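Quick notes on the structure that follows.
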Amino acid sequence: DAKDAIDLLMSLPNCTGRIATTGMCLGGHLAFRATFDPRVKAAVCFFATDIHTATLGHGDDSLEKIKGGVLTGPGKAELIMIFGKQDTHVPRAGRDLIRKVLEDANVACSFLEVQAQHAFIRDES
């Protein structure tokens with residue numbers, strides 16, 4: 001699906017080729033994975049679930065791809081990963097694993113943790 005969406009965007013006459021993704025929860029994980037396509041230049045991933053457990057679905061190898069260098073080197077996507085410190089879906093150990101794998105692979109990444117639960121930016125008023 002991500003490849004098809006990127007293909008469509010790239011085919012538009014007003015597309016500059018500067019593609020970025022964003023997502024929350026499961027969408028955060030999908031935005032993360034979209035950066036494996038070299039045409040995606042950046043992603044902002046809010047409380048991305050299942051990266052640390054590799055349970056997105058059959059063949060979920062997100063962290064293994066990072067370890068293999070899919071986002072290492074010039075011209076690769078830059079990531080912003082945002083998590084809540086009280087997020088039970090992505091606990092501290094999971095956040096630490098994600099951060100370690102990204103840092104060990106020299107991925108261009110900013111990692112932000114705030115004092116909040118999962119889905120902390122939704123409107124609950």
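The values are calculated or read from the model by the stated rules, or taken from the named source; none is laboratory data. Note that the structure is predicted; figures quoted are calculated from it, not measured. Here the Cβ positions follow ideal geometry from the backbone for every residue, glycine too, while neighbour counts run over all protein chains shown. For accessibility, only protein heavy atoms count, side chains too; no ligands or nucleic acids. Shrake-Rupley method; radii C 1.70, N 1.55, O 1.52, S 1.80 Å.
Numbers at a glance
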item	result
Where a residue in the stretch 94-116 is closer than 13 Å to Leu63 by Cα and its partner, wherever it lies, is open to solvent by 90 Å² or more (accessible area, probe 1.4 Å), with Cβ under 7 Å and at least six apart	Val101/Lys67; Ala105/Lys67
Whichever residue in the stretch 69-105 is within 19 Å of Arg39 (Cα to Cα), open to solvent by 70 Å² or more (accessible area, probe 1.4 Å) and part of a loop (DSSP other than H, G, I, E, B) and, among such residues, is modelled with the highest pLDDT	Lys76
Which listed residue is over 25 Å from Gly17 (Cα atoms) and modelled with pLDDT of 95 or more, from Phe120, Phe47	Phe47
Checklist (1) at pLDDT 95 or above; (2) under 14 Å from the mean Cα position of the chain (by Cα); (3) in a loop (DSSP other than H, G, I, E, B) applied to Asp60, failing item	(1)
Neighbours by Cβ (under 7 Å, 6+ apart or cross-chain): first from the stretch 1-12, without any contact (Cβ under 8 Å) to a residue 60 or more places away in the chain and closer than 15 Å to Gly27 by Cβ; second open to solvent by less than 100 Å² (accessible area, probe 1.4 Å) and hydrophobic (A, V, I, L, M, F, W, C)	Ala2/Leu30; Ala2/Ala34
Tally, over the stretch 3-48, of residues that are surrounded by fewer than 21 Cβ atoms within 10 Å (Cβ to Cβ) and either in contact with a Leu (Cβ under 7 Å, 6 or more places away or on another chain) or not aliphatic (A, V, I, L, M) (or both)	20
Total residues in the stretch 1-33, condition out of contact with any Lys or Arg (no Cβ under 6 Å at 6 or more places or on another chain), aliphatic (A, V, I, L, M), more than 15 Å from Cys109 (Cβ to Cβ) and not in a loop (DSSP other than H, G, I, E, B)	8
Residue count for the stretch 106-125, restricted to those that are among the polar types (S, T, N, Q) and either in a strand (DSSP E or B) or open to solvent by less than 80 Å² (accessible area, probe 1.4 Å) (or both)	1
